[in-house]
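Notes for the one structure printed next.
The values are calculated or read from the model by the stated rules, or taken from the named source; none is laboratory data. Being a predicted model, the structure only gives us computed values, none of them experimental. Cβ: placed from backbone, ideal geometry, glycine included. Neighbour counts: every protein chain shown. For accessibility, only protein heavy atoms count, side chains too; no ligands or nucleic acids. Shrake-Rupley method; radii C 1.70, N 1.55, O 1.52, S 1.80 Å.
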Amino acid sequence: MATAWEPILEALMTSRYAALAARARVLGVTDHEVDDLVQSALVKTFSRPRRFASVADAEAYVKRVIVTEFLDDRKRRGQEDSRWSRANSGTPDVVS
């Protein structure tokens with residue numbers, strides 16, 4: 001038996017995937033990262049019970065999640081780069 005969100009997810013994947021990928025591409029990621037970013041946003045969106053009134057509402061939500069996931073990833077990468085720089089320079093990490 002299909003749940004209420006399955007038709008919306010299917011419509012996003014079949015008819016709106018190009019628009020979701022375009023949102024990710026605008027952020028300047030590679031083609032490989034585009035697919036990962038869209039997939040991650042879809043998983044994050046549909047891994048919890050959500051009620052969308054329409055496919056357009058779901059698409060708008062997923063597009064926001066794409067941007068959030070992108071920014072979170074860049075922030076994590078920046079923190080990792082900072083840690084590697086400190087490790088390579090011999091500067092100890094400060095633990096609070």
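Rolling a 1.4 Å probe over the protein chains gives Phe46 an accessible area of about 30 Å². The distance linking region 6-23 with region 25-55 is 9 Å (Cα centroid to Cα centroid, whole angstrom). With the simple spin-label model, which puts each label point 7 Å out from Cα in the Cβ direction, the Ala4 to Arg77 separation comes to 3.8 nm.
For region 22-72, the carbon plus sulfur part of the accessible surface works out to 53%, probe radius 1.4 Å.
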